[in-house]
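Structure first, commentary second.
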Amino acid sequence: ERRFRLLWLGQATSTLGDGLVPVALAFAVIQTLDGSPTDLGIVLAAQTLPLVVFVLAGGVWADRLPRQMVMLVSDVIRGVVQAAIAVLLLSGRAELWQLVVLVAIYGTAQAFFQPAATGLVPATISAPRLQQANALLGLSRSFAFVVGPAVAGVIAAVTNPGSVFVVDSVTFAVSATSLALLRLSRSRREGERQSFLADLKGGWHELVSHTWLWVIVAW
């Protein structure tokens with residue numbers, strides 16, 4: 001189905017780029033910046049904490065705004081962040097605090113992207129094929145996070161970790177393009193509009209009421 005095929009192409013490409021990043025960050029902090037393992041932990045935490053903190057808020061906005069637009073804006077922000085990191089590393093001007101700030105912006109944008117992406121899939125595929133579509137997306141993610149680190153290690157070892165971020169920024173451009181080309185019919189969302197805080201509370205209730213869900217988030 002064309003709409004899902006277009007979505008999958010962009011997401012699979014972007015996810016492969018995401019699979020490159022953790023190893024590239026390790027090379028950047030330990031090798032390029034002569035940082036310590038603690039420094040690397042700080043950089044990784046700076047990306048993960050905003051994701052955890054803002055993901056529920058991201059879910060609320062994904063229900064209030066066109067999900068396609070939320071994803072597109074997030075892709076543009078993350079692509080710019082990765083391009084900025086690439087410039088800093090390739091020019092030899094990168095400092096630890098700069099990486100911390102940039103990956104924190106990346107994690108925040110990712111927190112808005114993930115809920116919107118999950119909610120957009122049913123709008124691109126016929127109902128009988130929804131399970132197959134989600135399975136293919138899951139398989140693509142698993143493949144990316146198996147192959148990505150190996151590819152990133154080779155690129156970072158042979159050239160410069162900044163080159164990996166160049167590749168990742170290009171994958172976000174591919175994802176953003178696929179989203180921009182996606183044509184979806186507008187769906188009406190039934191129900192009375194609540195306040196942001198009420199929706200946030202409802203999201204928290206749904207999270208804690210499903211054991212399998214909060215266990216995955218905690219992990």
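The values are calculated or read from the model by the stated rules, or taken from the named source; none is laboratory data. Predicted model, so just to flag it, every value in this text is computed and none were measured. Cβ atoms come from the backbone with ideal geometry, glycine included; neighbour counts cover every protein chain shown. Keep in mind that these areas ignore ligands, DNA and RNA; they rest on the heavy atoms of the full protein, side chains included. Shrake-Rupley method; radii C 1.70, N 1.55, O 1.52, S 1.80 Å.
Structure summary
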item	result
Number of positions in region 1-53 that are aromatic (Phe, Trp, Tyr) and over 19 Å from residue 153 (Cβ atoms)	2
Search result, residues across region 182-201 that are at pLDDT 85 or above and surrounded by 12 or more Cβ atoms within 10 Å (Cβ to Cβ)	182, 201
Meets criteria (surrounded by fewer than 18 Cβ atoms within 10 Å (Cβ to Cβ), more than 14 Å from the chain's Cα centre (by Cα) and either in a helix (DSSP H, G or I) or at positive phi (or both)) for residue 120	no
Some residue of region 131-139 being open to solvent by less than 50 Å² (accessible area, probe 1.4 Å), farther than 30 Å from residue 94 by Cα, among the polar types (S, T, N, Q) and under 19 Å from the mean Cα position of the chain (by Cα)	no
Pairs where the first residue, in region 111-138, is farther than 18 Å from residue 6 by Cβ and the second is β-branched (Val, Ile, Thr) and exposed (fewer than 14 other Cβ atoms within 10 Å of the Cβ), C-beta under 9 Å, 6+ apart	111/52; 111/53
Search result, residues across region 166-180 that are among the β-branched types (Val, Ile, Thr) and open to solvent by 50 Å² or more (accessible area, probe 1.4 Å)	166, 167, 170, 174, 177
